[in-house]
Every structure is written in structure tokens, then in C-alpha cells.
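The values are calculated or read from the model by the stated rules, or taken from the named source; none is laboratory data. Just so it is clear, the structure is predicted and the values come from calculations on it, not from any experiment. Note: ideal-geometry Cβ built from the backbone for every residue, glycine included; neighbour counts use all protein chains shown.
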């Protein structure tokens, strides 16, 4: 009878440890998913702020004849990832793309644009109604 109680206590202990391990694995999994979501949200917000800088510069330059300004955008996103900027003049849109499958687009007010925006320092000007970006 005494050995039966010892073995029953051992089994209960093993079951309890198993449940605690499952709970721990579940908790770590949920925490990992939340951390990934937070990182992705931070990168998205960073990409949006870079896009907003470019959009504001283009829209301002399109409205002011003789406008000239140098502006800087970061070389990489907050997670260290590279990105590309594309201006679609016919659609009046600018797109920022990163991670080969993530992108964000925003509207601009003009289609009279020559040049492209690059990470780093950019020069934008309005010459006779045409917005020139990094063009002489």
C-alpha cells in the first residue's frame, strides 16, 4: 500500500511538471508573437515617417516656383533593413518598399517630376513648374 501512494505521488508530480512546461511553452510563444508584431509596427511607422518626409518635400516644391532644398532621409529603416523609393508620376504616387514584400504608398499633387529619391541626402528644386529631384 505504501508503494502505491509513492508511485501515485510521482505520477501526479510528473503530470504537474508536464502541465507547467506546456504553460511555459505557450507563454513564450505568445510573447514571441507579440514582440514580432511590435517590431513590424515600429518598422512600418518608421517607413511611413520617411515616406511623409518625401511627400511633403515634393508637394511643397511643386507649389513654390524656385524652391530649392536639401533634405535627408535615413540610409536604412529602424531594424537596419534597406528600402527603396519609387515615384510613379503617372499615378501621382510615391512608394516605399522594404523586405521585398512590404510597401506603403502615398499621393503627391503633381506629375511634373524628374529624378528619384535615394536614401541619404537629396536635393529637390522647382524649375519652371517641374520638380527636379537629384537632377542638375
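For residues that are in contact with a helix residue (DSSP H, G or I) (Cβ under 7 Å, 6 or more places away or on another chain) and at pLDDT below 95, tally how many sit in segment 86-97. Let's see the steps before the verdict.
As a first pass, look at segment 86-97 and keep what is in contact with a helix residue (DSSP H, G or I) (Cβ under 7 Å, 6 or more places away or on another chain): 94, 96.
Now drop any that are not at pLDDT below 95, which leaves none.
Residues that pass the stated criteria total 0.
Considering only residues that are loosely packed, with under 12 Cβ neighbours inside 10 Å and modelled with pLDDT of 85 or more, which ones fall in segment 17-44?
Hits for segment 17-44 are 17, 18, 19, 20, 21, 22, 41.
If you go through segment 51-84 one residue at a time, how many are under 15 Å from residue 106 (Cα atoms) and in contact (Cβ under 8 Å) with a residue 60 or more places away in the chain?
Total satisfying the criteria: 3.
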